[in-house]
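Scroll down for the structure; my scribbles are underneath it.
The values are calculated or read from the model by the stated rules, or taken from the named source; none is laboratory data. Owing to the predicted nature of the structure, the values given are computational and were not obtained by experimental measurement. Cβ placement follows ideal geometry from the backbone for every residue including glycine, while neighbour counts extend to all protein chains displayed.
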Amino acid sequence: MTSVPAVATAHEALTGNPRFSVRGLEFYYGDFHALTGITIDVRENSVTAFIGPSGCGKSTFLRCLNRMNDLIPGTRVEGKITLDGADIYGPGVDPVDLRRRVGMIFQQPNPFPMSIYDNVAFGPRLHGVSKKSELDEIVENALVRANLWKEVKDIMGRGGLTLSGGQQQRLCIARVLAVQPDVLLMDEPCSAIDPTSVQKVEDLMAELKSSVTIIIVTHNMQQAARVSDETAFFLQERQGEAAELIEFGRTAEIFTSPRDRRTEDYITGRFG
Amino acid sequence: MTDPHGRDEATPVSAGSGLKMMSRATYLKEALLKNVFLLCAVMAVAGVALIFLFVGYRGWPVIQNPGLGAFLFGAEWSATYGKFGIAPLVTGTLVVTIGALLLGAPLAIGTAVFLSEIATPGIRRIVRPAVEMLAGVPSVVFGFFGLVIIRPIAAEMTGGMGFGALSASVILAVMIVPTIATLTEDALRSVVPGIREASYAMGATTWQTIYKVLLPAAKIGIIDAIILGMGRAIGETMAVVMVAGNAPQFFKGLGAPIATVTSQIVIDMSYASGDHRTALFGLAIILFMISMGLVALVRALSRLNAKRS
Ligand SMILES: Nc1ncnc2c1ncn2[C@@H]1O[C@H](COP(=O)(O)OP(=O)(O)O)[C@@H](O)[C@H]1O
Ligand SMILES: [Mg+2]
């Protein structure tokens, strides 16, 4: 890649090394060119929000970062994405290991049909932890960090699916945190849950960001403004065309003085 | 002309309600159809009831002769000596059914996992209909296949002629694969897609996703599938008759001839009379009760499933 768009300038004032570095990313679903020319740095110890109208490729981009798109036949990636300097699409890279380091939370809470305890212990067991005392500690720790421990500590044997939607979502967060990921990708994590749980999720994001880099896709402008340090605005200008990254910078700047007219239009609710 | 509500003034409107009345012809047609469907349902239930009553009526005298204990637990079935103990037949059914499940269920579940989790859509489009077609092959054809292909191999492995428990189990295994495979595949496909994604996103491999998440999640559906396969194995007659050797004796080894509840009924029915005939109807009652038990089990399981989700 030769030219790096102007997006980088807004970073100057920020501290922290880039955790993810994306350069000239193109993404295809078969013949459909979904993303083009995405260049962005996601800094460690920060929360980055992805905003934009429905269908502009936010989820698609997020799923490039943990190679979940590999599971969809016919998809293709061009360009370069590095995690802590290592090319995640490089030869010999194991997507399974990448996904352990880059956890993901989905819009619909998706706990496994097993007990609360087994849900959280799933990842550690997968990666070879089998000692009960060790697992107990990991599970408790993860549930505390996911802001759920107080609500479930006496019902650990109960099915994860018996919890409320908001609790299920925090259970999924605990399940991911139990494997100590470096990055947490959250795809509209709050759009299907109750307001109390939304509050708890936003609180835990603030607490987690000192140890985990968080990227959140959200449709809620207020939420993006509340929780994120940096914001990226994506837009598919015309139906059937590839979506682009329009503007990326500190959240405060994006929301108060966007440089691009299209960002302003979106934020002030003129489309999308 | 239209009134202010946009209604055409010419349309007849029943007073007050503003809704059209159902015409008499429509009413009669509806009533007739309702009764036709009711009749269908009644006939289905009556059919089952009649069969049950008939078989029960013809079979119940076994309680007096040879007596319930001697009938259920008697170790010898011999028309010549007037001995009608069904224990060897029931154990025969048990042996070939368990054998069929041990061989067939893993194969079928493996096929289902392949179809639902591994095969590309193109391969699935070929394999799935092939498996389904297996279910439509007449059992006498399976019997021939068993006779010509399986029996010689069994003879090689066990010594003897190859007529016996092993051949019967193998052929039944092949026959229950489509039932178990298609139902298991359905169960796997109906697992909420979110948890499959969640598992991969947690860094699970395909194999870990299958055996740690998907198979447990589809467990009840799979047990269901196995029970239905079992029902098929217990009820299957023709193919078994052709390869089992048909000796009503206790299990003496994989190569030894064996008879099952159904195979004994079909072999004896053509010439039996008197107590012998009554005993065969008694056997049919037992078969009836086994299948009803299995159906009840399936229903109990699906209720459990509904309650869990
Ligand atoms: N599995 C898929 N196959 C083909 N096209 C897809 C697939 N998933 C998403 N798309 C298309 O890619 C575009 C971006 O979708 P998505 O990333 O889900 O947008 P967003 O998350 O911003 O709403 C949309 O046009 C969508 O129709
Ligand atoms: Mg999306």
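For segment A:1-31, a residue qualifies if it is more than 24 Å from A:D229 (Cβ to Cβ), touching a strand residue (DSSP E or B) at 6+ places or on another chain (Cβ under 8 Å) and at pLDDT below 60, and exactly one does: A:M1.
Residues being within 16 Å of ligand 2 (Cβ to nearest atom) and surrounded by fewer than 20 Cβ atoms within 10 Å (Cβ to Cβ): count how many of those fall in segment A:39-58. Walk me through it before giving the result.
First, pick out the residues of segment A:39-58 that are within 16 Å of ligand 2 (Cβ to nearest atom): A:48-58.
Keeping just the survivors that are surrounded by fewer than 20 Cβ atoms within 10 Å (Cβ to Cβ) gives A:53-55.
Qualifying residue count for the region: 3.
For the subset of segment B:15-68 comprising residues that are among the β-branched types (V, I, T) and in contact (Cβ under 8 Å) with a residue 60 or more places away in the chain, which member is nearest to B:G274 (Cα to Cα)?
First, the residues of segment B:15-68 that are among the β-branched types (V, I, T): B:26, B:36, B:42, B:45, B:48, B:51, B:55, B:62-63.
Among the residues that remain, those that are also in contact (Cβ under 8 Å) with a residue 60 or more places away in the chain are: B:55, B:62.
Details: B:V55: 15, B:V62: 11 Å.
Here the answer is B:V62.
Considering only segment A:176-189, I want to know if a residue exists there that is more than 16 Å from ligand 2 (Cβ to nearest atom) and assigned to a helix (DSSP H, G or I).
Step one: of segment A:176-189, the residues more than 16 Å from ligand 2 (Cβ to nearest atom) are A:176-184.
If we keep only those that are assigned to a helix (DSSP H, G or I) too, we end up with A:176-177.
For segment A:176-189, residues more than 16 Å from ligand 2 (Cβ to nearest atom) and assigned to a helix (DSSP H, G or I): present.
Checked against the criterion of being facing chain B (nearest Cβ under 8 Å) and under 19 Å from A:V217 (Cβ atoms), the candidates A:M104, A:M114 yield just one match: A:M104. Can you confirm whether A:T36 is within 16 Å of ligand 2 (Cβ to nearest atom) and closer than 23 Å to A:G249 by Cβ? So A:T36 does not fit the description; no.
When A:G16, A:G24 are checked against the criterion of being part of a loop (DSSP other than H, G, I, E, B) and either of a type in the set (S, T, N, Q) or more than 8 Å from ligand 1 (Cβ to nearest atom) (or both), a single residue qualifies: A:G16.
Quick grid of which residues meet (1) surrounded by 15 or more Cβ atoms within 10 Å (Cβ to Cβ); (2) more than 14 Å from the chain's Cα centre (by Cα):
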position: A:K150; (1), (2): no, yes
position: A:L163; (1), (2): yes, yes
position: A:G166; (1), (2): yes, yes
position: A:C172; (1), (2): yes, no
position: A:M186; (1), (2): yes, no
position: A:V201; (1), (2): yes, no
position: A:V212; (1), (2): yes, no
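Assessment of segment B:175-186 against the conditions (closer than 27 Å to B:W77 by Cβ and buried (at least 19 other Cβ atoms within 10 Å of the Cβ)) yields at least one matching residue.
Of note, A:T75 does not satisfy the criterion of being farther than 23 Å from B:T120 by Cα and either more than 13 Å from the chain's Cα centre (by Cα) or away from chain B (no Cβ under 14 Å) (or both).
Taken over segment A:65-96, the residue count meeting the criterion of being within 11 Å of ligand 1 (Cβ to nearest atom) and in contact with a Gly (Cβ under 9 Å, 6 or more places away or on another chain) is 3.
Of the candidates A:E151, A:E140, A:E78, A:E134, the single residue that is charged (D, E, K, R) and in a strand (DSSP E or B) is A:E78. Hey, does segment A:66-76 have a residue that's of a type in the set (K, R) and either modelled with pLDDT under 95 or more than 16 Å from ligand 2 (Cβ to nearest atom) (or both)? Checked segment A:66-76: at least one residue is of a type in the set (K, R) and either modelled with pLDDT under 95 or more than 16 Å from ligand 2 (Cβ to nearest atom) (or both). Name the single residue that is farthest from the other protein chains (Cβ to nearest Cβ) among those in segment B:115-147 being closer than 30 Å to B:S199 by Cα and buried (at least 16 other Cβ atoms within 10 Å of the Cβ). The extreme case among them is B:V131. Just one of the numbered conditions (1) touching a residue at least 12 places away in the same chain (Cβ under 8 Å); (2) within 14 Å of chain A (Cβ to nearest Cβ) is not true of B:G203: (1). Every test in (1) touching a strand residue (DSSP E or B) at 6+ places or on another chain (Cβ under 6 Å); (2) within 16 Å of ligand 1 (Cβ to nearest atom); (3) more than 14 Å from chain B (Cβ to nearest Cβ) is passed by A:V47 save one, and that test is (2). Pairs linking a residue in segment A:20-37 that is more than 14 Å from every other protein chain (Cβ to nearest Cβ) and over 16 Å from A:I72 (Cβ atoms) to a residue that is within 16 Å of ligand 2 (Cβ to nearest atom) and among the charged types (D, E, K, R), with Cβ atoms under 8 Å and 6 or more positions apart or on different chains, do not occur.
If I filter segment A:101-135 down to residues being charged (D, E, K, R) and over 18 Å from B:V191 (Cβ atoms), which single residue comes out as nearest to ligand 2 (Cβ to nearest atom)? Here the residue is A:R101. Any residue at all in segment A:239-257 that's assigned to a helix (DSSP H, G or I), touching a residue at least 12 places away in the same chain (Cβ under 8 Å) and of a type in the set (F, W, Y)? Scanning segment A:239-257, I find at least one residue that is assigned to a helix (DSSP H, G or I), touching a residue at least 12 places away in the same chain (Cβ under 8 Å) and of a type in the set (F, W, Y), so the answer is yes. Of B:G203, B:G194, all but one fail to be buried (at least 21 other Cβ atoms within 10 Å of the Cβ), of a type in the set (G, A, S) and farther than 25 Å from B:T91 by Cβ; the exception is B:G203.
Assess whether A:G157 counts as being more than 13 Å from every other protein chain (Cβ to nearest Cβ), in a loop (DSSP other than H, G, I, E, B) and touching a residue at least 12 places away in the same chain (Cβ under 8 Å). The answer is yes for A:G157. The single condition among (1) among the hydrophobic types (A, V, I, L, M, F, W, C); (2) modelled with pLDDT under 90; (3) in contact with a helix residue (DSSP H, G or I) (Cβ under 7 Å, 6 or more places away or on another chain); (4) closer than 28 Å to B:L166 by Cα that B:M292 does not meet is (3).
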